[in-house]
Amino acid sequence: MSIEEEWIKLEHEVLNCRKCRLHEARRKPVPGEGNKTSTVIFIGEAPGEKEDESGRPFVGPAGKLLTELIESIGYKRENFYITNIVKCRPPNNRDPLDDEIESCLPYLVRQLQLMKPKIIIALGRHAGRVLFDLAGLKWISMSANHGKVYRAKLADLDIKIIPTYHPASALYNPSLRKNLEDDFRNVIKKAIDEELRHVENKKQSRTLFDFLRKS
């Protein structure tokens, strides 16, 4: 089965999932969207009301802020893949429960195995905690862990995890917005720039090698 067929199969499973109670009230599951060949993935907590209506991640006010943050460091959201830990909206936007996260987590692991990203931007404390647990890292709190690069092994991948505040938290608490903007400007941008330069250099080296081999 090709990678494209694996993605189609995975998304079909998410759209028809009934593994936990969240399917009872959802309108549309939200598998994720974006560049599936990117080496950078943004992972949030769970869909909200607008996401539940549209079936797309980060399309409400928090999504608008995320798009602005990505553009502020010189990229477009279409450059990356965006998803959540939990693929269905918890009722009234409550926090996802542990058993709901556990039921949904295999979908995220499969997404990571298909994408093989090098960088995960963990948006919010739930995403940070869950991803740290998966990677065997110690999660303290968002205030302690945000804006730092953590090297880890996750889903058999060597990966960098960068936790930062969820855009929604910056909307509810404007004092956090500066922390979020600083993380993007000073840490996330640097990590993504370095990774994409590395990818481009590999492409150029491969092209040169192919040219020399054909000469």
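Values quoted throughout were computed directly from the atomic coordinates according to the rules given, and no laboratory measurement underlies them. The structure presented is a predicted model; accordingly, all values stated were derived computationally and were not measured. Don't worry about glycine lacking a Cβ; one is built from the backbone with ideal geometry, like all the others, and counts go over all protein chains shown.
What the table shows:
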{"quantity": "Mean ellipticity per residue at 222 nm, deg cm²/dmol - from DSSP H runs of n ≥ 4 across the chain, formula -39500 (n - 2.57)", "calculated": "-14500 deg cm²/dmol"}
{"quantity": "Three-way shape call for region 1-122 based on the alpha-carbon gyration tensor, with the a/c threshold at 1.5", "calculated": "oblate"}
{"quantity": "Relative contact order (%) - the chain, alpha-carbon pairs under 8 angstrom, separation at least six", "calculated": "20 percent"}
{"quantity": "Rg/Rh (Cα only; Kirkwood hydrodynamic radius) as it applies to the chain", "calculated": "0.98"}
{"quantity": "Equivalent-ellipsoid semi-axes of region 142-193, from the Cα gyration tensor, Å, largest first", "calculated": "23, 12, 8"}
{"quantity": "Region 88-129: trypsin sites (Lys or Arg not before Pro) falling in loop per DSSP and having at most 16 other Cβ within 10 Å", "calculated": "94"}
{"quantity": "The chain: angle of helix 125-135 to the longest principal axis, Cα-based, in degrees nearest 10", "calculated": "50 degrees"}
{"quantity": "Hull volume in cubic angstrom per residue (convex hull over the Cα atoms of region 89-215)", "calculated": "129 Å³"}
{"quantity": "Spatial extent of region 29-90: Rg and Dmax, with the Cα atoms as the point set, Å", "calculated": "11.0, 33"}
{"quantity": "Convex hull volume per residue in cubic angstrom - Cα atoms of region 97-172", "calculated": "96 Å³"}
